[in-house]
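The values are calculated or read from the model by the stated rules, or taken from the named source; none is laboratory data. None of these values were measured; they are calculated from a predicted model. Note that each Cβ is placed from the backbone with ideal geometry, even for glycine, and that neighbours are counted across all protein chains shown.
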Amino acid sequence: MISEYLGFDSDYIILGLAGVVIILLILIIVNMVQVGKLKKRYKVFMSGKTAKSLEDTILKRLDQVDDLIASNSANEKNIEELFTNMKGTFQKIGLVKYDAFHEMGGKLSFSLAMLNGQDDGFVLNAVHSREGCYTYIKEIVGGNSIIVLADEEQEALNMAKEANKPAEK
């Protein structure tokens, strides 16, 4: 009777429904296995721990996170202070050794330039002779000297100005 309305045999419908039932049974079995594994993992997670001790552990970790945030803030402040202080320190150095008097030998004389991040500092010139050693210092402001520099002093200054740039933030 149904086959007269549908135009085909009802056996196909029964076989199709049986196939769907078998697929659903397989899915139910797979789902039950997964739920069983999840229950085992949950029991392992909760074994030996009460809800109170688990809450205490979470609160302890949150307190540690708060401490880390405070420490990080203090570190950032300290780093900022270090960068500020570094701007005034001598960070660039140039050194040229030379013979002030050709008969002396050994390159005992030298010019030393020391500059901070703004190219302010000094050039120290030590001239070694038979009579003694004489030192002269010339102030450097903005990478330049008001007093005329000797060739060796200018070379030391140029070395210092080309040295590693100061740390920038």
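Before moving on, here are some points about what is shown:
- Hits in segment 113-140 - residues which are buried (at least 17 other Cβ atoms within 10 Å of the Cβ) and farther than 23 Å from Asn85 by Cα: Leu124, Asn125, Val127, His128, Lys138
- The residues in segment 73-115 that are β-branched (Val, Ile, Thr) and over 19 Å from Ala126 (Cα atoms) can be counted, and the count is 3.
- Hey, Tyr98 without any contact (Cβ under 8 Å) to a residue 60 or more places away in the chain, of a type outside the set (Lys, Arg) and in the same structural domain as Asn158 (by TED's automatic domain parsing) or not: yes
- Qualifying residue in segment 141-156 (condition: surrounded by 12 or more Cβ atoms within 10 Å (Cβ to Cβ) and touching a residue at least 60 places away in the same chain (Cβ under 8 Å)): yes
- A single entry from Gly88, Gly105 fulfils the requirement of being loosely packed, with under 10 Cβ neighbours inside 10 Å and at pLDDT below 90: Gly105.
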